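One structure coming up, written as structure tokens, with questions to follow.
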């Protein structure tokens, strides 16, 4: 087979494989759509969805200036200035383009399928990135890995319309462009890096990762003595254009010049200018003079920098790190200082098993890949090493940041895997010949395909094709710049067909296991929607518990337009999106005091709470109660967080210790403390619960036998309870028309007369 | 069952009466006995039987009159008056010859109307010679005629309604004898007011008014009945029915958007799930809607049932011999005064509905105007029929009178010219309107090619532009920057 024809085959094969990978990536994210329905399945993305709807309906300028009076009542929220608009603008753009061509696609479907579509693009950018690091066969492997890795799927299944859905694509693609820019030293790629950096900034708060990683890369290269014009051009272009662009996003605004998180970029930018200046000066003065100049210069600059930074920090021009960043450094920090951050499960430190769960065999190949990067250690490999070190740390600190680790794991693992395949699939005679020649690079790969590749890796077409390409890719793909020192290292020629077969078969087996594991995890863990609960009956038929939407739709259709509903912040976005009512707090937890006020309303007695409710114009109170069907994510289980957050602001009204029994237990049954029993949350949860079972009620979440006499309510009345009691909605009573307090009024209505003694006292 | 004190009732009735009298006096001589029919007095009614059926949420009135021609010549037009106040409540009117069961044509007469009455002209199939008799049955259905009383009921209570109307059958001609039978759903009924000439007879679930003799033309009086109506009052405030014809896919896609409300007595206090789950059977008898039944064509497929926030999983499909019954369970039980919105849709094979006129490019589409649910009244129905791209000469034949028929174009999937669209608006629709409309249009064979050509052109443009783009060089100054 001639080189030309095999290159033609490779040219056809590569796009085909990439398209297949994209198809696999997209389709493996569709489990929830196929099993349930095309709808936003998660809680948080309902806000994105709602704003996208607003954007599509009212246009961009109205969206930009949108003051949302339906959230954070009575404060409201300036939506245009407090969101990362990337994902909404992307969806609206796709929607409008489709409509321009008369495709009446519903915006809901655009939103639902956005993340899977972008995962295809992510796989493609992983290919590009890895191709820059090794070769296109490693690139194809990386694309395949990233396409199905559960760590990434967890945030990009269909129906999860979250910022991360497009942000990971942008992250990987920006890194690719950066590496390309550093390699070529082209302002063109630097500019594209900046543009995609801007897109990333507009899409996700995680852009700070790029903001710090790219300068770190530049700085490391500088320390390694690898300063070059390429680095200077690419970094300066990227930083200048990227920062200016990023400041156009209202939510970011002047942060790049004022906050500590962004200072690294500025510092490295300055350093590079100085270094370049020094290089320039070095060319014009004698070495001795230059050394003196350098010493003086460094001393002066560092003095100015240190003094300047300290002064600016102290005077408050540069803001210190925010709480979320502190918690990246010290995992215990949030728990003590900011319970609201700690109360979010995705901000918890990662369990070690999660790494295997999300990445499976990649996590073992990952260090090998990093090691191989060390062996090569070109500019771009330094970047991957830095990326992997930092992403590993962050992923260990916060579950959510597993997402940023996944791409680099896939890339490194692909390098390792592809190197193994290269070693064990090469036709030995050729390697021998190449080694004998001694001049040719070891990266040059056999022209003729190894028979082993086709037969051993059979089964999975994708992998097979990937393996084939790795052997077929001709010399063309090897980097033109060959490090002279490397060409001397000899690669082991593996002659024995049995050892080769064993390794290749084992690797193939790993791939099978990986694909199986990914599908299993995706299907089992990451594709169960949270707005509906599905279970199977004994006969195998599916039962869907749709209580959330039942309650939200009832609120949407049968309460007055401007009804205000008080509920814990977890449900805020969803309620605004599905029930279209006014909420007091939501998942954008910007105002801790307001959240604490809601916590106080839940955690205090009826009298105290009623004041809070009246002060905030509340019409309805909504809670989740899982006691009937055993749904453990209900409000009684979250109650301690409400108490803690409320205590932080209202230490006189709420005390966490009062909710624990003397033995230190958190109880809801007979042993519950009086504070617990009098709290509004307890009363709302168990109101008439015992009656349902004729006085013999058992709370199925906490396995507690409830008292036969349930709590009574006087300031609220039950307005709606869903089929499985999962959502309970209460109406806040108006003030009594006779001026009595509501407790007396309720007692009177029930036919109970106040005690004479009580009357006398008044 | 709650018994209301008669005193309170009398007071309320009295106030009702007063207000209506007052308003009537303002408008004109509503209660005057001087109403004179403006139609030619060609007939005399020898005997008349009227049945007022209140067993459903809307009022069905069946008037069977034996009429005699008292004119000098043959007459073939019989007039039926409808009070202008109820003109908008009149959902449906039909007439037949009682003997022959032959359907007679009824039209709203453009000439004979005054401030008080609108006359409907019933055309006899053969002119009636003088002094001959004929028996005519006129059926009318009126919606929104009853009011819940009391206005609020508990969630397990049965609701009661008040009907307030004319004890006499309204006729344009004097009647020798007439009688009205009122049928209510249960035997719980009370008549509060009626003409005192003849004693009222109440038998089980029937109240018989009359017989009255020598009733003048356009005679009216006061009659009021309060009765129990088990179940709910389903009502659709607005229905949007989209029908899309695709001749390429040989498919008829139908989607119906409902704005639904329970018009019965409002729920007293709040909904209690405990009570509801304890006595489900009792609650079922009260004013609550737990399920709705929609009828779909026999070959309907891909049926869906959704609302603004997604799929509603609680629906069942049962295949009947001549259609499919889709049972829709709303997300929440709909008590009195509660509302919900939802939409359903399905696809059906087009050949069931479309015929080609042999030898021409003409097609005739025959689809139901609407398929209303049982016992449900519809305030406003908008029907959009989207015909294939390239359709010309669209002609619509409606089985009954509608508010408006408009023609426009719609652009959807890959359309360049747009599709001819017919928009029909009908008001006050009930079960009886489940009739077929005919839409005739022309579609030449060449217009079949519009779509493939448009698609091919678009792909062509795409590929050409990518060819040009990939041949352009964007580099500035070549690769001289490399160190």
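Considering every residue within the range B:257-279, establish whether at least one is closer than 18 Å to residue A:722 by Cα and under 28 Å from the mean Cα position of the chain (by Cα).
Within the range B:257-279, one or more residues are closer than 18 Å to residue A:722 by Cα and under 28 Å from the mean Cα position of the chain (by Cα).
Mind counting the residues in the range A:497-541 that are outside any loop (DSSP other than H, G, I, E, B), more than 31 Å from the chain's Cα centre (by Cα) and within 14 Å of chain B (Cβ to nearest Cβ)?
Residues that pass the stated criteria total 0.
What is the number of the single condition among (1) in contact (Cβ under 8 Å) with a residue 24 or more places away in the chain; (2) surrounded by fewer than 21 Cβ atoms within 10 Å (Cβ to Cβ) that residue B:182 does not meet?
That leaves (2) as the condition not met.
Which residues, counting only those in the range A:518-541, are in contact with a strand residue (DSSP E or B) (Cβ under 7 Å, 6 or more places away or on another chain) and without any contact (Cβ under 8 Å) to a residue 60 or more places away in the chain?
Within the range A:518-541, A:535, A:536, A:537 qualify.
Taking into account only those residues within the range A:568-596 that are without any contact (Cβ under 8 Å) to a residue 60 or more places away in the chain and closer than 15 Å to residue A:531 by Cβ, which is farthest from the other protein chains (Cβ to nearest Cβ)?
My answer is A:575.
Where residues in the range A:256-271 are modelled with pLDDT of 85 or more and out of contact with any helix residue (DSSP H, G or I) (no Cβ under 6 Å at 6 or more places or on another chain), which of them is farthest from residue A:83 (Cα to Cα)? Lay out the reasoning, then the answer.
Narrowing the range A:256-271 to residues modelled with pLDDT of 85 or more: A:256, A:262, A:264-271.
Those left that are additionally out of contact with any helix residue (DSSP H, G or I) (no Cβ under 6 Å at 6 or more places or on another chain): A:266-267, A:270-271.
Details: A:266: 24, A:267: 28, A:270: 30, A:271: 33 Å.
Among those residues, the one meeting the criterion is A:271.
Exactly one condition in (1) in contact with a strand residue (DSSP E or B) (Cβ under 8 Å, 6 or more places away or on another chain); (2) without any contact (Cβ under 8 Å) to a residue 40 or more places away in the chain; (3) surrounded by fewer than 17 Cβ atoms within 10 Å (Cβ to Cβ); (4) under 13 Å from residue B:335 (Cβ atoms) is not met by residue B:284; state its number.
(1)
Sticking with this one: Looking only at the range A:90-126, how many residues end up being assigned to a helix (DSSP H, G or I) and within 14 Å of another protein chain (Cβ to nearest Cβ)?
9
Looking for whichever is modelled with pLDDT of 90 or more and surrounded by fewer than 24 Cβ atoms within 10 Å (Cβ to Cβ) here; the options are A:397, A:389, A:409. Which one fits?
Going through A:397, A:389, A:409 in turn, just one is modelled with pLDDT of 90 or more and surrounded by fewer than 24 Cβ atoms within 10 Å (Cβ to Cβ): A:389.
Rundown of residues vs (1) modelled with pLDDT under 90; (2) over 21 Å from the mean Cα position of the chain (by Cα), yes/no style:
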{"position": "A:14", "(1), (2)": "no, yes"}
{"position": "A:19", "(1), (2)": "no, yes"}
{"position": "A:33", "(1), (2)": "yes, no"}
{"position": "A:37", "(1), (2)": "yes, yes"}
{"position": "A:52", "(1), (2)": "no, no"}
{"position": "A:70", "(1), (2)": "yes, yes"}
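Looking at this structure, is residue A:98 buried (at least 21 other Cβ atoms within 10 Å of the Cβ) and at pLDDT 90 or above?
Against the criterion (buried (at least 21 other Cβ atoms within 10 Å of the Cβ) and at pLDDT 90 or above), residue A:98 does not qualify.
So, residue A:708, is that one crowded, with 18+ Cβ neighbours inside 10 Å and either assigned to a loop (DSSP other than H, G, I, E, B) or under 38 Å from the mean Cα position of the chain (by Cα) (or both) or not?
no
Please determine, by comparing only the residues of the range A:554-569 that are part of a helix (DSSP H, G or I) and touching a helix residue (DSSP H, G or I) at 6+ places or on another chain (Cβ under 7 Å), which one is surrounded by the most Cβ atoms within 10 Å (Cβ to Cβ).
A:569
A further question follows. Six or more apart or on different chains, Cβ atoms under 8 Å: show the pairs whose first residue is in the range A:720-743 and closer than 25 Å to residue A:608 by Cβ and within 14 Å of chain B (Cβ to nearest Cβ) and whose second is modelled with pLDDT under 85 and crowded, with 18+ Cβ neighbours inside 10 Å.
Sorted first by the residue in the range A:720-743, then by its partner, the pairs are A:733/A:742.
Please count how many residues of the range B:273-314 are away from every other protein chain (no Cβ under 12 Å) and modelled with pLDDT under 85. Full working, then the answer.
Taking the range B:273-314 and keeping what is away from every other protein chain (no Cβ under 12 Å), we get B:279, B:281-289, B:291-303.
If we keep only those that are modelled with pLDDT under 85 as well, we get B:279, B:281-286.
Of the residues in the range B:273-314, 7 are away from every other protein chain (no Cβ under 12 Å) and modelled with pLDDT under 85.
What number of residues within the range A:653-672 are without any contact (Cβ under 8 Å) to a residue 24 or more places away in the chain, in a loop (DSSP other than H, G, I, E, B) and farther than 13 Å from residue A:707 by Cα?
Number satisfying all stated conditions: 7.
May I pose another question? Of A:237, A:211, A:292, which residue is out of contact with any strand residue (DSSP E or B) (no Cβ under 7 Å at 6 or more places or on another chain), in contact (Cβ under 8 Å) with a residue 12 or more places away in the chain and more than 24 Å from residue A:588 (Cα to Cα)?
Being out of contact with any strand residue (DSSP E or B) (no Cβ under 7 Å at 6 or more places or on another chain), in contact (Cβ under 8 Å) with a residue 12 or more places away in the chain and more than 24 Å from residue A:588 (Cα to Cα) holds for just one of A:237, A:211, A:292, which is A:237.
Which of the following residues is in contact with a helix residue (DSSP H, G or I) (Cβ under 8 Å, 6 or more places away or on another chain), farther than 25 Å from residue B:107 by Cα and not assigned by TED's automatic domain parsing to the domain that holds residue B:243: B:463, B:474?
B:474
Residues to consider are A:227, A:161; find the one that is touching a residue at least 12 places away in the same chain (Cβ under 8 Å), outside any helix (DSSP H, G or I) and farther than 28 Å from residue A:46 by Cα. Outline the logic, then answer.
Numbers: A:161 fails: farther than 28 Å from residue A:46 by Cα.
That would be A:227, the only listed residue that is touching a residue at least 12 places away in the same chain (Cβ under 8 Å), outside any helix (DSSP H, G or I) and farther than 28 Å from residue A:46 by Cα.
Separate question: When you go through A:209, A:189 one by one, which is the residue that is assigned to a helix (DSSP H, G or I) and within 18 Å of the chain's Cα centre (by Cα)?
Being assigned to a helix (DSSP H, G or I) and within 18 Å of the chain's Cα centre (by Cα) holds for just one of A:209, A:189, which is A:209.
Additional query: Just the residues that are without any contact (Cβ under 8 Å) to a residue 40 or more places away in the chain and more than 14 Å from residue B:440 (Cβ to Cβ), please, taken from the range B:378-399.
B:399
Quickly run through the range B:72-93 and pick out the residues that are outside any strand (DSSP E or B) and within 22 Å of residue B:114 (Cβ to Cβ).
Once the filter is applied, which keeps residues that are outside any strand (DSSP E or B) and within 22 Å of residue B:114 (Cβ to Cβ), the range B:72-93 yields B:84, B:85, B:86, B:87, B:88, B:89.
Results for (1) surrounded by fewer than 24 Cβ atoms within 10 Å (Cβ to Cβ); (2) within 14 Å of chain B (Cβ to nearest Cβ), shown as yes or no for each residue.
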{"position": "A:128", "(1), (2)": "yes, no"}
{"position": "A:139", "(1), (2)": "no, no"}
{"position": "A:145", "(1), (2)": "no, no"}
{"position": "A:158", "(1), (2)": "no, yes"}
{"position": "A:187", "(1), (2)": "yes, yes"}
{"position": "A:197", "(1), (2)": "no, no"}
{"position": "A:205", "(1), (2)": "yes, no"}
{"position": "A:209", "(1), (2)": "yes, no"}
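Ok, one more. Scan the strands (runs of 3 or more DSSP E) fully inside the range B:336-426 and keep the ones with 3 or more residues being modelled with pLDDT of 90 or more, under 29 Å from residue B:289 (Cα atoms) and more than 14 Å from chain A (Cβ to nearest Cβ).
Counting at least 3 such residues, we get B:339-349, B:377-389.
Where residues in the range B:103-130 are outside any strand (DSSP E or B) and out of contact with any strand residue (DSSP E or B) (no Cβ under 6 Å at 6 or more places or on another chain), which of them is nearest to residue B:53 (Cα to Cα)?
Among residues in the range B:103-130 that are outside any strand (DSSP E or B) and out of contact with any strand residue (DSSP E or B) (no Cβ under 6 Å at 6 or more places or on another chain), the one nearest to residue B:53 (Cα to Cα) is B:116.
The values are calculated or read from the model by the stated rules, or taken from the named source; none is laboratory data. None of these values were measured; they are calculated from a predicted model. Cβ: placed from backbone, ideal geometry, glycine included. Neighbour counts: every protein chain shown.
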